[in-house]
Every structure is written in C-alpha cells, then in structure tokens.
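The next block holds one structure in the form of structure tokens; read it before the comments.
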Amino acid sequence: MNISKEQFKDDYQKAFTNMYASTLEGGSSTQQYTALGTLLRSYVAEYWRDERERYIKEGQKQVFYFSIEFLPGKFLENNANNMDILDIVEEGCKELGLDFDEITAAEAEPAIGNGGLGRLASCYMDAGASLGYPLHGNGIRYRHGLFRQKIVDGYQAELPDNWLRHRNAWEVRDHKSSVLVRFGGNVYLDGFHPVYEDTDDVVAVAYDIPMIGYHLSTVNTMRLWSAEVPPEEEEEGLASKEKYEAVDEITEFLYPDDSSYEGKLLRLKQEYFFVSAGIQTIMKSFKRYQISPKDLSEKIAIHINDTHPALAIPELMRILLDEEKLTWDQAWEITINTCAYTNHTVLREAMETWRCDMVKKLIPRIYMIIEEIDRRYVEQNKPIYGDELVQSTRPIQDDYLHMAHLAIIGSHSVNGVAGLHSKILSEDVLRDFSEMTPHKFNNKTNGISQRRYLHVANPELRELISECIGEDWLTNPASMKVLLAYQNDQSVLSKLADIKHQNKEKLAQYIKENNGIEVNTDAIFDVLIKRLHAYKRQHLQLLHIIHLYFYLKDNPQADFQPRVFIFGAKAAPSYVFAKDVIKVINEVAETINNDPDCKDKLQVVFIENYGAALAELIIPAAEISEQISLAGKEASGTGNMKMMLNGALTMGTLDGANVEINSFVGDENMFVFGLRKEEVDRYNERASYNSKDLYKSDAKIKRVVDSLVDGTFPRIQIEGQTIYDHLITHNDEYYALKDFHSFVEAQEKAAKLYKNKDEWNKKSLINIANSGPFSADYAVQRYASEIWIAQPKAMRTDK
Ligand code: 26M
C-alpha cells in the first residue's frame with residue numbers, strides 16, 4: 001500500500017491518543033505496540049471487508065483450513081512487510097523518538113500451537129493470502145497458549161502463557177457470527193427428524209484475524225472460536241457457576257502434547273466445538289446466498305489438518321441430513337467431495353482413537369451418524385474387498401472410534417507431508433486403505449514462508465540476494481537458483497559470511513543476556529531446535545557432545561574446531577524421558593561451559609522457552625542444521641527447510657524432507673549419516689538389534705553412555721539413569737547407539753570442512769540457491785490445483 005511517512009506518523013499519534021487518551025512518547029512499549037497493531041489493522045480493514053464481499057459476489061470457491069492449532073508468530077513486522085510499509089513504519093517510529101525493536105518485542109506471541117503442525121498451518125495461511133487464494137483458517141482461540149518454559153536448576157518448569165493479557169490488536173470479535181454448539185443430552189429420531197432433550201449448549205463466538213497477503217494480494221480470515229455461556233441462559237439466570245466453569249474450560253488452554261495422544265474428554269470437546277462452529281458457519285452462509293447444498297463441493301473445500309478436526313465429516317453429514325433434508329447417499333457424496341485430510345505422523349502413540357461410549361455421551365447425534373457411516377461402510381465394501389480389509393479399515397473397532405479411519409473414509413484426498421512419509425503411509429501405515437482407494441493417496445511436501453523466514457528474519461541476506469539476482473525471486477522463489485552463478489564469486493561469498501557473522505553476533509548477545517554465557521562467535525553454530533521427543537534424538541547430539549568433551553579432556557592441546565551447540569526445545573509436561581533429556585543437557589552444559597579445557601572450543605547452550613519468535617532469531621545464525629531423527633519417523637520437518645534457506649548446512653538422516661533436500665543439493669552439500677529407513681525396518685523385523693551388545697563391545701560408546709550414570713556429570717543421578725535405561729535396558733528404541741559412529745564421523749567431516757571457509761561459504765550459498773522449491777507458495781499451489789480445485793484471483797496491479 002501507499003502511504004507517506006508523514007501521514008503514517010500523524011496517523012500513529014492520533015491512533016494512540018484515541019486509544020489511550022495520552023501522548024505516544026509517554027506510553028509503555030506495550031501500549032505503543034497495541035496502538036501500532038491496531039492502526040495497521042485499520043489500514044487493511046476496508047480492503048479486508050471488500051475482499052470478503054468480493055468472494056461472495058463472485059461465487060469463487062472458498063477453502064477452509066480446519067486446524068486445532070495455528071502458530072502464526074508475531075504479526076507486526078510480517079504484516080507491515082506484506083503491506084510494503086515495513087520501512088516506513090520503522091523509520092517513522094524512529095523519527096517519533098520510539099524504539100522499534102522495543103515495540104516489536106512488546107508483541108505477545110500467539111503460541112496457540114505446539115510445533116510443526118501449527119506452524120505449517122500458518123505458513124499456508126500466509127502463502128494462500130499472498131497468492132490470492134480464498135483460503136481461510138478455522139481454529140480455537142485458546143486463552144492460554146503453549147506453556148512458557150523456565151529452566152530452574154536445569155529442569156523444565158511450565159508457566160501459564162497469558163498471551164491475551166493486553167488484548168490482541170489484530171483480532172475482531174464478531175459476535176453476530178456466533179453459533180450454538182450442542183453437547184450431551186438425549187437424542188432420538190422422530191421419523192427422520194432428530195429431537196434433542198436436555199442438551200448442554202455453548203455459544204461459539206468468532207474472533208477474526210486478517211491474513212494479509214504479500215503486496216496485499218488479498219486479505220483472508222483466520223477465524224478462532226471462543227466458548228461462552230449462551231446469552232439467553234445468562235439473561236434468564238439459568239446458568240450455574242458450574243456451567244460457567246465448564247464452558248470457560250473449553251477454550252481455556254492448548255493441550256501441550258505433540259505426537260502423543262491421550263483420550264481426555266475436554267480435548268474431544270475442543271475438537272467438536274471448533275469443528276461444529278466452523279461447519280455451521282459455512283452452511284449458514286450458503287443459506288444466506290441461496291446456494292443449493294448439492295453444489296457444496298464446487299463452492300467450498302474443507303481441509304482437515306491431522307485427525308483432530310475429523311469430526312467435520314459427521315458434522316457436515318448432520319447438517320446435510322437433519323437440516324437440509326438430503327438423503328444419506330446425497331449427503332455422503334457431497335461430504336467426500338468436500339473434505340480432504342492431511343496426515344502428519346506415523347507414530348503409533350499419536351494415533352487418535354476415542355472410546356465410543358465417550359463420544360456417544362458427549363455428542364450423541366454425531367455418534368449415531370458415525371455408527372451409520374461405519375455400518376454402511378462394512379455393508380458396501382465387504383462384498384468387494386472381503387472381510388479382512390474391511391474389518392481393519394472400518395472406523396469403529398472394538399468400541400473405539402479411529403479418527404484417521406473416519407478422516408480417510410470421509411475424504412476424497414489423503415496426503416502425507418514429504419515424499420518418504422507419503423510412501424510409508426501408502427505402503428505401510430495405511431496400506432489397507434491405499435489398496436482399496438489408491439486414487440485418494442498423494443504427497444504434498446511441506447513448505448515454508450520465505451517472507452517470514454528470510455525477508456523479515458534476515459533482511460541483510462534478502463538484500464544480498466536481490467543485489468545479485470534482482471527482485472524476481474521474492475515472488476518466484478524457484479528463481480533463487482540463479483544464485484548458483486555466484487558460487488565462486490569471492491565478494492558475494494564473503495558478504496554472505498559477514499551476514500552470517502552478524503546474525504551470530506545478534507544471537508550471541510541474546511545468549512549473553514539470557515544464559516549469562518559468552519559464546520565464541522568464530523565457532524560453528526550448531527543448532528538443534530524442535531520439540532523434544534525421543535524419535536527426534538536430541539539425546540544423540542548429547543552423546544556426541546559428551547564424546548567431544550572426552551576428546552578434549554584427553555587431548556587438551558589438540559587442534560580442535562571450536563563449536564557452540566545450541567538447543568531449543570519444549571518437552572510435553574508429562575513426558576518423563578523428554579524432560580530428563582533437558583535436565584541432562586543443562587547439567588552437561590554446566591560442566592563443559594565451566595571447564596577451562598573447553599574454553600572457547602566447546603560450549604553448550606540451552607535456550608529457554610524456544611518458540612516461533614525465538615526461531616526467527618536463531619535460524620539466521622545457524623551454520624549446521626541438525627535434523628537427526630531416526631529414518632522413517634519424522635514425517636517431514638520444516639525447520640530443516642528454514643535453516644537451509646538461511647544458509648545452514650544440514651546434518652541429517654535420510655528422513656522426512658531431508659531426503660528431498662539431499663536430492664536438491666547432493667551429498668557434497670550436506671552431511672548425510674545413519675541408518676536408512678529400509679535398514680531400520682530390517683532390524684525391527686528380525687529383532688536383530690541389541691544395543692547392550694553394541695555397548696559392551698564398543699569402548700567409545702561405553703565410555704560415553706557410562707558417563708550418564710558414573711558421576712562424570714553431577715546432579716543427574718535420576719535423569720542420567722533414565723537415558724541410560726532407555727539406551728541399554730530398553731534396547732535403544734531409536735537406534736541412537738547404532739547411528740552414533742556414523743553421526744560422529746559426519747560431524748568430523750563438518751568440522752574439517754569449516755576450516756576451509758571458502759568451501760563452506762560456497763556450500764552455504766548452494767543451499768540457499770536450492771531452497772526455493774520449499775516455498776509454501778508452491779505447496780499451497782499444489783494443494784489448490786490438485787486437492788481443493790480452487791483458483792487464485794487475477795492479481796490486481798493497482799496497489
Ligand atoms: C494430540 C492429542 C492431544 C493433544 C495434542 C495432540 C497433538 C498435537 C499436535 C498431536 C500431534 C501434533 O502435531 C504433530 C506434528 O506437529 N507433526 C509434525 O507436523 C509437521 C508438519 O507437517 C511435520 O513437519 C513434522 O515432521 C511432524 O512431526
């Protein structure tokens with residue numbers, strides 16, 4: 001958009017005074033942020049409204065992305081960037097005597113997602129709007145996001161995240177869009193008409209946040225639902241204290257689990273709550289514009305992000321049957337054609353199943369419909385596929401509802417999130433389904449927002465790239481490949497190295513302030529940032545660090561490539577192994593960082609409270625991107641793409657999207673190590689891996705593992721033992737010891753290469769140049785053209 005700096009400054013001062021009846025300079029940074037956010041939102045408000053109306057008027061197909069998590073990151077800078085006014089805002093603030101960094105720091109980050117799944121949803125929102133697709137989010141407005149992590153004596157402590165304390169400048173409460181969601185009670189059919197008795201009603205109130213596309217291509221909506229007591233109950237004095245509490249609870253907090261499933265009633269309530277609100281809203285707008293429900297799948301697409309929103313399928317059936325009075329067959333065909341499902345994990349412990357009696361009690365009408373889906377599924381498919389296939393794929397089995405089965409059966413498309421992952425789904429985890437309906441199965445490799453992770457997070461690199469190859473890559477990321485022409489250009493390579501160094505300095509400053517550690521910025525910055533999970537193998541990096549520590553103790557004079565190991569990770573509060581790994585990392589860090597033999601050579605930093613905002617500080621400073629999950633376990637990973645985009649070299653197994661990174665850059669531009677997926681399968685099939693034998697026969701491994709329990713590192717008696725038991729007593733489920741030597745070797749190769757700065761920088765540039773295909777823009781285009789069958793609008797040129 002076009003606005004002069006003077007106009008902006010004037011608007012900002014007025015907006016501030018309007019809001020706080022005081023002057024801008026005297027405000028707190030939180031107030032300054034809130035007024036600035038509100039002002040920017042007001043700049044897009046009319047356009048946002050126009051775009052909503054245009055969508056309706058033009059009858060364009062709309063896509064609704066249902067996700068129980070979003071992880072948008074801070075809004076201010078990204079939105080200003082997409083509105084093309086980031087410079088004006090920054091300079092304007094400076095001229096007004098304000099500290100722009102302080103203002104952006106005051107923005108509370110909406111941590112309403114756990115990790116990859118939520119962040120992916122938000123990258124897709126950004127890409128959708130940037131490309132002009134009518135792609136809208138549907139989710140939950142948790143009053144408390146993912147816990148804040150504090151490290152106390154090396155342990156993770158969890159504190160509540162009250163991100164809405166100072167309100168959210170970007171959201172608009174739209175009470176007129178409220179809908180009623182019914183829980184519990186009795187339901188019986190009067191003919192074909194369901195009669196509800198004694199239901200417990202909750203109002204879902206919409207909070208809309210604008211999703212602002214790059215160059216204002218369009219403005220879409222992320223709608224988050226909040227639960228409230230129905231106003232009628234309140235006015236008639238019918239709501240008890242218990243009722244208030246029960247309703248508030250529904251959208252009170254985000255479950256802090258990632259890749260693990262627990263059958264908690266409240267979680268099921270959350271799932272039905274936001275799904276029902278979303279589907280009802282879609283259907284209401286249909287009614288308003290008198291579109292026949294039979295045209296539903298031509299006018300909208302519903303995306304089910306993991307199984308959590310799978311109740312969208314029976315909820316849509318409910319409305320088509322009970323309210324639109326369609327026949328079952330009509331309703332079912334429409335539902336399948338409308339819904340599509342993405343799977344994000346192959347871990348058994350993450351598979352969502354619900355006890356049928358629980359579902360039946362909480363949402364009786366929905367349960368009736370699910371039973372009927374199940375009954376017809378068996379009836380129709382048994383004659384064609386035989387009993388065995390049908391029994392293993394039906395949604396209800398042994399009194400449990402299998403959410404993935406429901407999602408697959410009720411969708412026309414099922415996709416994995418990286419090539420290898422999709423292959424595992426169709427050949428292994430979901431093989432029975434893919435045998436029956438192969439046409440549903442497809443791959444959509446994940447993508448990331450290069451606007452957030454490069455343009456905004458690393459503006460110096462953005463400048464450098466544009467200096468070399470012009471601006472086309474900003475909207476056409478594949479053309480970053482042109483950068484390859486500069487791989488031997490010493491002046492470009494040295495600029496690239498300077499930028500990396502500046503970013504390392506920035507991170508080092510943060511580490512100094514927050515950890516009290518002065519890290520050596522000439523050392524390799526080796527970064528492992530992701531949720532803590534055994535399959536992601538943070539403990540393998542820990543073993544590697546201990547190995548290096550012993551090496552330094554044994555050879556204090558050796559020529560050692562200095563390295564700073566940087567960790568960021570939250571553990572689910574009930575996940576004992578993960579929490580113990582955090583404690584041990586912190587205690588090993590304590591010993592190493594205080595050992596004079598390690599000074600400026602080996603340093604270990606655990607960054608507290610890692611999340612979307614800190615990621616934008618850490619990623620531009622990364623030189624080695626650690627992607628070390630056991631092959632076959634990480635569905636895709638997206639941090640791998642973000643660090644590659646910022647010039648880090650990947651240290652990785654052939655897992656998830658690492659496989660694709662490898663195919664783009666080749667073995668010589670990353671460090672591949674570890675078992676291949678087929679090898680892991682073979683060991684598992686034959687049960688032929690014995691970690692204890694390996695440990696006993698390998699002195700190096702034994703020494704490192706023993707250090708967890710022999711007092712080498714103080715204060716880890718219990719936690720060190722947990723890891724020891726996992727590795728030795730419980731046979732090292734994720735093959736960390738098996739991959740140990742291969743990992744150490746790859747790490748040695750990296751250390752050696754780093755000594756040759758020119759070579760390293762060249763490889764760094766090659767990584768950046770090849771990262772274009774991982775743009776979320778391409779991923780969204782593939783979803784749109786192959787799954788949603790949705791078109792972007794013709795791009796406007798008048799802004
Ligand atoms: C389940 C039940 C109760 C509470 C929480 C959950 C739950 C929440 C999030 C389970 C799984 C959740 O996320 C899984 C996830 O984040 N998967 C990651 O998705 C990314 C995007 O596709 C991939 O890049 C990662 O490889 C994958 O681990």
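Listed conditions (1) buried (at least 23 other Cβ atoms within 10 Å of the Cβ); (2) assigned to a helix (DSSP H, G or I); (3) among the β-branched types (Val, Ile, Thr) are all met by residue 566, apart from (2). When residues in the range 406-429 are screened for being over 20 Å from residue 333 (Cβ atoms) and more than 16 Å from the ligand (Cβ to nearest atom), 3 of them pass.
Of the helices (runs of 4 or more DSSP H) lying entirely inside the range 627-717, those containing at least 2 residues that are of a type in the set (A, V, I, L, M) and either in contact (Cβ under 8 Å) with a residue 60 or more places away in the chain or touching a Phe, Trp or Tyr at 6+ places or on another chain (Cβ under 9 Å) (or both) are 639-645, 658-665, 699-706.
When you scan the range 320-341, do you find a residue that is within 16 Å of the ligand (Cβ to nearest atom), assigned by TED's automatic domain parsing to the domain that holds residue 438, modelled with pLDDT of 95 or more and more than 26 Å from residue 65 (Cβ to Cβ), even just one? Break it down stepwise before answering.
Taking the range 320-341 as the starting set, the residues that turn out to be within 16 Å of the ligand (Cβ to nearest atom) are 340-341.
Applying the additional criterion that residues be assigned by TED's automatic domain parsing to the domain that holds residue 438 yields 340-341.
Filter once more, so that each one left must be modelled with pLDDT of 95 or more: 340-341.
Keeping just the survivors that are more than 26 Å from residue 65 (Cβ to Cβ) gives none.
The answer is no, given that none of the residues of the range 320-341 is within 16 Å of the ligand (Cβ to nearest atom), assigned by TED's automatic domain parsing to the domain that holds residue 438, modelled with pLDDT of 95 or more and more than 26 Å from residue 65 (Cβ to Cβ).
With the condition kept exactly as written, say whether any residue in the range 138-157 is within 16 Å of the ligand (Cβ to nearest atom), more than 30 Å from residue 719 (Cα to Cα) and among the basic types (Lys, Arg).
Initially, the range 138-157 is screened for residues within 16 Å of the ligand (Cβ to nearest atom), giving 139-140, 142, 144-147.
Narrowing the set further to residues that are more than 30 Å from residue 719 (Cα to Cα) leaves 139-140, 142.
So of that shortlist, the ones also among the basic types (Lys, Arg) come out as none.
So far as the range 138-157 goes, no, none of its residues is within 16 Å of the ligand (Cβ to nearest atom), more than 30 Å from residue 719 (Cα to Cα) and among the basic types (Lys, Arg).
Return a yes/no flag: does the range 576-584 have any residue that is out of contact with any Pro (no Cβ under 8 Å at 6 or more places or on another chain), touching a residue at least 24 places away in the same chain (Cβ under 8 Å) and in a loop (DSSP other than H, G, I, E, B). No - not one qualifying residue is present in the range 576-584.
Can you tell me how many residues within the range 609-626 are hydrophobic (A, V, I, L, M, F, W, C) and either outside the structural domain of residue 760 (by TED's automatic domain parsing) or part of a strand (DSSP E or B) (or both)?
Of the residues in the range 609-626, the ones hydrophobic (A, V, I, L, M, F, W, C) are 612-615, 617-619, 621-622, 624.
Going one step further and asking which of them are either outside the structural domain of residue 760 (by TED's automatic domain parsing) or part of a strand (DSSP E or B) (or both), we end up with 624.
Summing the residues that are hydrophobic (A, V, I, L, M, F, W, C) and either outside the structural domain of residue 760 (by TED's automatic domain parsing) or part of a strand (DSSP E or B) (or both) in the range 609-626 gives 1.
Pairs are defined by a Cβ separation below 6 Å, a sequence spacing of at least 6 or placement on different chains, a first member in the range 111-122 that is in the same structural domain as residue 161 (by TED's automatic domain parsing) and outside any loop (DSSP other than H, G, I, E, B), and a second member that is of a type outside the set (Ser, Thr, Tyr) and more than 8 Å from the ligand (Cβ to nearest atom); the pairs so defined are 118/70; 118/71; 119/71; 121/70; 121/305; 122/70; 122/71; 122/72.
Taking the criterion of being touching a residue at least 24 places away in the same chain (Cβ under 8 Å), within 16 Å of the ligand (Cβ to nearest atom), among the hydroxyl-bearing types (Ser, Thr, Tyr) and not in a helix (DSSP H, G or I), would at least one residue in the range 60-76 satisfy it?
Our first condition is that a residue be touching a residue at least 24 places away in the same chain (Cβ under 8 Å); within the range 60-76, this holds for 60-76.
Right, trim to within 16 Å of the ligand (Cβ to nearest atom) and you get 65-73.
From what's left, among the hydroxyl-bearing types (Ser, Thr, Tyr): 65, 67.
Subsequent filtering for residues that are not in a helix (DSSP H, G or I) retains 65, 67.
There is at least one residue in the range 60-76 that is touching a residue at least 24 places away in the same chain (Cβ under 8 Å), within 16 Å of the ligand (Cβ to nearest atom), among the hydroxyl-bearing types (Ser, Thr, Tyr) and not in a helix (DSSP H, G or I).
Go through (1) touching a residue at least 12 places away in the same chain (Cβ under 8 Å); (2) farther than 30 Å from residue 494 by Cβ one by one and return the number of the condition residue 746 breaks. So residue 746 meets the others, but not (2). Considering the range 94-127, the residues that are within 19 Å of residue 55 (Cβ to Cβ) and either away from the ligand (no atom under 16 Å from the Cβ) or hydrophobic (A, V, I, L, M, F, W, C) (or both) include one that is nearest to the chain's Cα centre (by Cα), namely 125.
In this entry, residue 713 is excluded by the filter for residues that are surrounded by fewer than 20 Cβ atoms within 10 Å (Cβ to Cβ) and either among the aromatic types (Phe, Trp, Tyr) or not assigned by TED's automatic domain parsing to the domain that holds residue 615 (or both).
The residues of the range 652-673 that are more than 19 Å from residue 419 (Cα to Cα) and not aromatic (Phe, Trp, Tyr), listed by number, are 668, 669.
Against the condition more than 30 Å from residue 473 (Cβ to Cβ), surrounded by 14 or more Cβ atoms within 10 Å (Cβ to Cβ) and touching a Lys or Arg at 6+ places or on another chain (Cβ under 8 Å), how does residue 783 come out, does it pass?
Numbers: more than 30 Å from residue 473 (Cβ to Cβ): no; surrounded by 14 or more Cβ atoms within 10 Å (Cβ to Cβ): yes; touching a Lys or Arg at 6+ places or on another chain (Cβ under 8 Å): yes.
Judged against the criteria, residue 783 is not a match.
Restricting attention to the range 213-267, the residues being away from the ligand (no atom under 16 Å from the Cβ) and either part of a helix (DSSP H, G or I) or of a type in the set (Asp, Glu) (or both) number 18. Looking at this structure, is residue 705 crowded, with 24+ Cβ neighbours inside 10 Å, assigned by TED's automatic domain parsing to the domain that holds residue 536 and away from the ligand (no atom under 16 Å from the Cβ)? In short, yes. Of the residues making up the range 636-652, those that are in contact with a strand residue (DSSP E or B) (Cβ under 7 Å, 6 or more places away or on another chain) and within 13 Å of the ligand (Cβ to nearest atom) are 637, 638, 639, 640, 641, 642, 652.
Of the residues making up the range 518-539, those that are touching a Phe, Trp or Tyr at 6+ places or on another chain (Cβ under 6 Å) and either among the basic types (Lys, Arg) or in a helix (DSSP H, G or I) (or both) are 534, 535, 537.
Conditions tested, residue by residue: (1) under 15 Å from residue 544 (Cα atoms); (2) modelled with pLDDT of 95 or more; (3) among the hydroxyl-bearing types (Ser, Thr, Tyr).
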residue	(1), (2), (3)
578	no, yes, no
589	yes, yes, no
596	no, yes, no
624	yes, yes, no
629	yes, yes, yes
635	no, yes, no
642	no, yes, no
648	no, yes, no
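Within the range 297-313, the set of residues being in contact with a Leu (Cβ under 7 Å, 6 or more places away or on another chain) and either at pLDDT below 95 or away from the ligand (no atom under 13 Å from the Cβ) (or both) comprises 313 only.
Exactly one residue out of 168, 138 is out of contact with any Gly (no Cβ under 7 Å at 6 or more places or on another chain) and at pLDDT 95 or above: that is 168. Of everything in the range 141-169 that is surrounded by fewer than 24 Cβ atoms within 10 Å (Cβ to Cβ) and among the hydrophobic types (A, V, I, L, M, F, W, C), the residue that is farthest from residue 73 (Cα to Cα) is 152.
The values are calculated or read from the model by the stated rules, or taken from the named source; none is laboratory data. Note that the structure is predicted; figures quoted are calculated from it, not measured. We place every Cβ from the backbone using ideal geometry, glycine too, and count neighbours over all the protein chains shown.
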